[in-house]
Structures are given as C-alpha cells and as structure tokens.
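Chemist: Pasting a structure below so you can have a look.
The values are calculated or read from the model by the stated rules, or taken from the named source; none is laboratory data. Because the structure is a prediction, the values reported are computed rather than measured. Because the Cβ atoms are built from the backbone with ideal geometry, glycine has one as well, and the counts that use them run over all protein chains shown.
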Amino acid sequence: MSYVNDVLQNLIAKNPGEAVFHQAATEVLESIAPVIEANPAYEKAGILERLTEPDRAILFRVPWVDDQGKVQVNKGYRVQFNNAIGPYKGGLRLHPSVNLGVIKFLGFEQIFKNSLTGLPIGGGKGGSDFDPKGKSDREVMAFCQSFMTELYKYVGADIDVPAGDIGVGAREIGFLYGQYKRITGLYEGVLTGKGLTYGGSLARKEATGYGLVYLMKEMLATKGESFEGKRVVISGSGNVAIYAAEKATAFGGKVVALCDSTGWIYDEAGVDLAAVKQIKEVERKRLREYKNYRPNAEYHEDGVIWDVPCDIALPCATQNELHLEHAETLIKNGVIAVGEGANMPSTPDAIHAFQKAGVLFAPAKAANAGGVATSALEMSQNSLRLSWTFEEVDQRLHGIMVGIFNQMAAAAEKYGHAGDYVVGANIAGFVKVADAMLAQGVV
Ligand code: NDP
Ligand code: 2IT
C-alpha cells in the first residue's frame, strides 16, 4: 500500500545505517496495512510519520574512572519515542553492541508492547555501549552514577521511567536510583526493577519469563496442547531465560538447553536452575561452569542451541539470534510452538518459515510484555505507597498475559488473519496509540 511504502522508504532514506530500526518498522507498518486502509483518518493525520519519528533522542557522554585510575568514555542514549498513552517507559541496555539504531528499534517496539499491556505507559528505551562484563562493582557504580548525572534531567515518575534490559539488573538499578535520589532529592518511582527494600515490586524479577510462559500456555491451548511433558529449549541464561525456564518447568515442561554468548549447555535430565542462578545471578560467571554442578551435562561452544530437538523454543537472548536455517532445523525436528522472550530475536524469514509450517508463533511485543506490565504495576504500587504480595502481582500479571493473548487473537481474526499473532499483536497495539494520537491533535 502506497502510504505505508512511502513512509517506510522515507524512513530508510532518512535514518541510514539503522538496520534493526528499519527491520522493526517494516514489520509493524506492513502488518498494520489493513487497518490503515480501513481508516483514512490515520494517513490524513500523518500518524505513521509521527509514530516512526521519536519525540526526542537524547545522546550524551558518560565519563567514568576505572580501577586503574584511567578515564573511560562511553556513549549514553535515551530515546523517548511516544507518550500518547502514558509516560515514556522502557528499559536501559548496557552492551557493547548498543548504538542509536538498536535503541530506536527497541523504543519503537516498546510503544506497541506497552499499549498491549492495557496499562498507561508510553514507549522509550535507553542504554550505553558500556560492557558490564568483567567490571568491578565499583566500576559499574561509577558508570551508573555518571550515566544518571546526565539522564536525571530527562526522566521522572510522570515523565519517563527506565528499567532493566540486557546488562541491567538489580545492581545497576540500585546505583542509578541512588544517584537520582541524591541529585534531585526526590524519593519517587523514577525507575522500575528496584530492590524490594526500596520500592521494588515482588514478582518483577520473574515477570518477563513467567509472562512469556503464561502467554504460550494460552496459545498452546488453542491446539489442545500444554507444556506438560514437552521438551523446551531456551536461548540466553539471563533474567528472561531463567524465569521462563522456571515457569515452563513448573508447568510440566523439561528445559533441556540454555546458552550464553560463549556457549550452550544440554542437559537431558532437565536443567538444574538452582545451579544456573548461582552461576549467573550470584557469581556472574560463564555457563561453562555448569559442568561443575552436573558432570553428565554437555557444554558446547560450536554449533547452535537450535540444533537441539524440542517441542517448544523460546529465544530469550537478543535480536536476530534465530535465523532461517535455525527455523528450518527446528521445524524439521518437530517444534510446535515458538515464543519470543527477547526483543525481535527471529529474523523476518525465520518468522515466515514458522508460520508457513503451521508452528504457533508468539511475537516479542506480546510474548515478553509481562516484564514491562509488571513494571507498570510497580509504578502503581509506588504511587499508592504500598506493596502487593507476590501472589497478587503474579495474578495480575497472569490476567494481563491472558488479556494480551485474547486481544491479539481477536485483532488477527477481525482483519482476516486468524492465527497470525504477528499481525494481531501489531494491530491491537497500534490502534490504541493511534487513536490517542488522533484525539490529542497535531503534537
Ligand atoms: P540479561 O542481560 O539478563 O541476559 C541476556 C542473556 O542473553 C545472557 O545470557 C547473554 O549472554 C545473552 N546475550 C545477550 N546479548 C547477546 C548477544 N549479542 N549474543 C549472544 N547472546 C547474548 O538480559 P535479559 O534477560 O533481561 O534480556 C534478554 C532479552 O529479553 C533482550 O532481548 C531484552 O531486550 C529482552 N527483554 C527483557 C525484559 C526484562 O524485563 N529484562 C523484558 C522484555 C524483553 P552473555 O551473558 O554471554 O552476554
Ligand atoms: O524490553 C522490555 O520490555 C524491557 N526491557 C522491560 C522494560 C520495563 O520498563 O520494565
């Protein structure tokens, strides 16, 4: 359709070198074409041009002093993409691969994901090319304090509320929060994923992984299937992967493989999650240590985790980690469902292959929305100045994931793509934001 194509061509020409942003925008815009056609008001109001241009992108220098006394400099980013339905909300990523294109793709995806949660949160994302691996706690603190010394000018509990993502967990959020409080004097819910002693929410740590499995459970049920007795392969071994593994196991699945960026483990007995948590959450070490806990397990640095035969595959590491050839192997090995815990982990041709083969496919912006949804519940608790029990938060999370599944299934069906959850999630997420933008005039 020409409006969608024109916007995409312009976006690609005007944002050179931002391949992952082009990829995310192309997927969303092409799949919402039926809605755009049915509602000419969107084109007249320039909704797609406005949605694909962030409200603002803040780029800054982050100087800090390493343990040798040498000054290091990293790049800092915060992209405030869209606040039509609530304050900007989205994580901070610390990884050497971070650049403006990566943060823009993540911020763009976040708009629709946050809309799907049904909660009042807009889309944003930030981060740095700082690599926390191998850094001392003091170096991480020095970096976080410097990062917040610039970022505090642009964030606030009702303005923009960052959280964790790759490389940002409770330790980093604590250092960032401390510095924000020290500079502004405010004790407010400016970040989520906080520690439980200073305003964090129970179940936030578990939320993304648990939410992914709750959504997959709904999707599997449409085919009379469940996790019971299924072999599950999960990429990554960070926050999302660990808690997806925990809930998949609780639902009767057997998680046989996990990975990090160095290698992957295969444990036919089902992975020992206590060991993985000890290695990753406590010691911050590599997955190769797993053999010390389970000598019968395999550890590989060659090949890929997607070669391990499974019924359910949950990519939970990073963008574009699952290519067409991996999809073909998974299909050949009989995979029945794929759920994206990471943001945009599957390449477009891999998604197409899964859908063509009739594999149930849950796209990231629906499947991993449980994390940000529970962040929004943390914001609610902070505003109320009280805290809910684990069970209460978990129940709300469960209800939100069921709601997301129902919304995306209904939207796909309404527009003639029943069972295509990529189209369903994009349309359901888009309509709410677009209608809020229409109502608020040209801003
Ligand atoms: P963590 O930093 O806790 O873990 C990331 C995991 O993925 C690690 O095992 C890491 O391995 C691996 N990984 C990261 N980058 C790469 C890479 N370039 N190549 C290979 N492996 C890699 O991050 P999270 O678990 O929080 O995030 C994982 C994914 O989930 C990301 O896509 C994130 O955007 C998404 N997400 C996270 C949410 C959250 O609440 N945390 C919410 C929604 C989505 P290694 O340790 O070797 O680097
Ligand atoms: O990608 C994501 O949704 C996240 N990293 C979580 C964001 C949040 O604000 O909790």
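Chemist: For the stretch 344-430, give me every one of the helices (runs of 4 or more DSSP H) that falls completely inside it and has 3 or more residues that are of a type outside the set (A, V, I, L, M, F, W, C).
Modeler: Ranges flagged: 348-356, 369-384, 390-414.
Chemist: Okay, moving on. Identify, by number, the condition in (1) within 15 Å of ligand 2 (Cβ to nearest atom); (2) of a type in the set (A, V, I, L, M); (3) part of a loop (DSSP other than H, G, I, E, B) that L215 doesn't meet.
Modeler: (3)
Chemist: Pick from N99, N74, N82, N15: which is within 30 Å of G164 (Cβ to Cβ), touching a Leu at 6+ places or on another chain (Cβ under 7 Å) and of a type outside the set (A, V, I, L, M, F, W, C)? Let's see the steps before the verdict.
Modeler: Details: N99 fails: touching a Leu at 6+ places or on another chain (Cβ under 7 Å); N74 fails: touching a Leu at 6+ places or on another chain (Cβ under 7 Å); N15 fails: touching a Leu at 6+ places or on another chain (Cβ under 7 Å).
Matching residue, one of N99, N74, N82, N15: N82.
Chemist: Note down all Cβ pairs under 6 Å where the first residue falls in the stretch 44-70 and is under 18 Å from D137 (Cβ atoms), the second is at pLDDT 95 or above and part of a loop (DSSP other than H, G, I, E, B), and they're at least six residues apart or on different chains.
Modeler: D67/S136
Chemist: Show the residue pairs meeting these rules: Cβ distance below 9 Å; 6+ apart or different chains; first residue within the stretch 260-281 and part of a strand (DSSP E or B); second residue of a type in the set (K, R) and surrounded by fewer than 19 Cβ atoms within 10 Å (Cβ to Cβ).
Modeler: I265/R288; I265/K291; I265/R294
Chemist: Evaluate the stretch 243-255: report whether one residue or more is at pLDDT 95 or above, under 22 Å from G174 (Cβ atoms) and not in a loop (DSSP other than H, G, I, E, B).
Modeler: For the stretch 243-255, residues at pLDDT 95 or above, under 22 Å from G174 (Cβ atoms) and not in a loop (DSSP other than H, G, I, E, B): present.
Chemist: Can you tell me which residue in the stretch 289-312 is surrounded by the fewest Cβ atoms within 10 Å (Cβ to Cβ), limited to those that are over 13 Å from G236 (Cα atoms) and within 15 Å of ligand 1 (Cβ to nearest atom)?
Modeler: Of the residues in the stretch 289-312, the ones over 13 Å from G236 (Cα atoms) are 289-303, 307-312.
From what's left, within 15 Å of ligand 1 (Cβ to nearest atom): 289-290, 299-303.
Numbers: E289: 16, Y290: 28, Y299: 18, H300: 16, E301: 9, D302: 6, G303: 11.
By that ranking, first place goes to D302.
Chemist: When the residues of the stretch 274-288 are narrowed to those that are surrounded by fewer than 16 Cβ atoms within 10 Å (Cβ to Cβ) and of a type in the set (A, V, I, L, M), which ends up farthest from ligand 2 (Cβ to nearest atom)?
Modeler: The selected residue is A274.
Chemist: Pick from the stretch 318-370 the residues that are more than 16 Å from ligand 1 (Cβ to nearest atom) and among the polar types (S, T, N, Q): which of them is nearest to the chain's Cα centre (by Cα)?
Modeler: To start, the set of residues in the stretch 318-370 that are more than 16 Å from ligand 1 (Cβ to nearest atom) comprises 324-325, 327-337, 348-349, 352-361.
Remaining after also requiring among the polar types (S, T, N, Q): 329, 333, 355.
On the way: T329: 25, N333: 27, Q355: 21 Å.
Step by step, filter the stretch 318-370, then rank; the result is Q355.
Chemist: Please state which of the following conditions N343 fails to meet, knowing it meets all the rest: (1) in contact with a Leu (Cβ under 9 Å, 6 or more places away or on another chain); (2) of a type outside the set (D, E, K, R); (3) within 17 Å of I166 (Cβ to Cβ); (4) more than 15 Å from ligand 2 (Cβ to nearest atom).
Modeler: N343 satisfies all of (1) in contact with a Leu (Cβ under 9 Å, 6 or more places away or on another chain); (2) of a type outside the set (D, E, K, R); (3) within 17 Å of I166 (Cβ to Cβ); (4) more than 15 Å from ligand 2 (Cβ to nearest atom) except (4).
Chemist: Let me ask you something else. Can you confirm whether P348 is more than 15 Å from ligand 2 (Cβ to nearest atom) and closer than 17 Å to F108 by Cβ? If you could, list the steps in order and put the result at the bottom.
Modeler: Numbers: more than 15 Å from ligand 2 (Cβ to nearest atom): yes; closer than 17 Å to F108 by Cβ: yes.
So P348 fits the description; yes.
Chemist: For G107, indicate whether it is more than 13 Å from ligand 2 (Cβ to nearest atom) and touching a residue at least 40 places away in the same chain (Cβ under 8 Å). Break it down into steps so the answer makes sense when it comes.
Modeler: Values: more than 13 Å from ligand 2 (Cβ to nearest atom): no; touching a residue at least 40 places away in the same chain (Cβ under 8 Å): yes.
Criteria not met by G107.
Chemist: If you check A411, A376, which single one turns out to be surrounded by 14 or more Cβ atoms within 10 Å (Cβ to Cβ) and either in contact with a Cys (Cβ under 6 Å, 6 or more places away or on another chain) or more than 15 Å from L119 (Cα to Cα) (or both)? First the steps, then the outcome.
Modeler: Values: A376 fails: either in contact with a Cys (Cβ under 6 Å, 6 or more places away or on another chain) or more than 15 Å from L119 (Cα to Cα) (or both).
Criteria check complete, one pass: A411.
Chemist: If you don't mind, another one. If you go through the stretch 248-264 one residue at a time, how many are of a type in the set (A, V, I, L, M) and out of contact with any strand residue (DSSP E or B) (no Cβ under 8 Å at 6 or more places or on another chain)? Give the derivation first.
Modeler: Of all residues in the stretch 248-264, those of a type in the set (A, V, I, L, M) come to 248, 250, 255-258.
Remaining after also requiring out of contact with any strand residue (DSSP E or B) (no Cβ under 8 Å at 6 or more places or on another chain): 250.
Residues meeting the conditions: 1.
Chemist: OK, next. Which of (1) more than 15 Å from ligand 2 (Cβ to nearest atom); (2) crowded, with 24+ Cβ neighbours inside 10 Å does V161 not meet, given it meets every other one?
Modeler: (1)
Here's the yes/no breakdown for (1) modelled with pLDDT of 95 or more; (2) touching a strand residue (DSSP E or B) at 6+ places or on another chain (Cβ under 8 Å); (3) more than 16 Å from ligand 2 (Cβ to nearest atom):
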| site | (1), (2), (3) |
| --- | --- |
| E43 | yes, no, yes |
| T52 | yes, no, yes |
| R78 | yes, yes, no |
| A84 | yes, yes, yes |
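Chemist: Mind checking which pairs have a first residue in the stretch 206-234 that is farther than 27 Å from L377 by Cα and free of Cβ contacts under 8 Å to residues at least 60 places away in the same chain and a second that is outside any helix (DSSP H, G or I) and of a type outside the set (D, E), Cβ under 6 Å, 6 or more apart or different chains?
Modeler: Note: pairs meeting the criteria are E228/G252.
Chemist: Can I ask one more? Return yes or no: is G169 at pLDDT 95 or above, within 12 Å of ligand 1 (Cβ to nearest atom) and surrounded by fewer than 20 Cβ atoms within 10 Å (Cβ to Cβ)?
Modeler: On the way: at pLDDT 95 or above: yes; within 12 Å of ligand 1 (Cβ to nearest atom): yes; surrounded by fewer than 20 Cβ atoms within 10 Å (Cβ to Cβ): yes.
Taking the combined requirement at face value, the residue satisfies it.
Chemist: Looking at V190 and the list (1) in a loop (DSSP other than H, G, I, E, B); (2) away from ligand 2 (no atom under 13 Å from the Cβ), which single condition is not satisfied?
Modeler: (2)
Residue-wise test of (1) surrounded by 21 or more Cβ atoms within 10 Å (Cβ to Cβ); (2) farther than 22 Å from K135 by Cα; (3) away from ligand 1 (no atom under 15 Å from the Cβ).
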site	(1), (2), (3)
L191	yes, yes, no
K205	yes, yes, no
S237	yes, no, no
T249	no, yes, yes
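Chemist: Okay, next question. So is G209 part of a helix (DSSP H, G or I) and in contact with an Asp or Glu (Cβ under 8 Å, 6 or more places away or on another chain) or not? Steps first, please.
Modeler: Numbers: part of a helix (DSSP H, G or I): yes; in contact with an Asp or Glu (Cβ under 8 Å, 6 or more places away or on another chain): yes.
Yes; evaluated as a whole, the condition is true for this residue.
Chemist: From the residues in the stretch 103-132 that are of a type in the set (K, R) and touching a Gly at 6+ places or on another chain (Cβ under 8 Å), which one is surrounded by the most Cβ atoms within 10 Å (Cβ to Cβ)? Working first, answer last.
Modeler: We begin by selecting, within the stretch 103-132, every residue of a type in the set (K, R); these are 104, 113, 125.
From the residues that got through so far, the ones that are touching a Gly at 6+ places or on another chain (Cβ under 8 Å) too are 113, 125.
Values: K113: 28, K125: 31.
Only one residue fits best here, namely K125.
Chemist: Now, a different point. Could you give every pair whose Cβ atoms fall below 6 Å, whose first residue belongs to the stretch 307-331 and is closer than 23 Å to E228 by Cα and of a type in the set (D, E), and whose second residue is part of a loop (DSSP other than H, G, I, E, B) and at pLDDT 95 or above, counting only separations of at least 6 or pairs across chains?
Modeler: D311/K230; D311/I336
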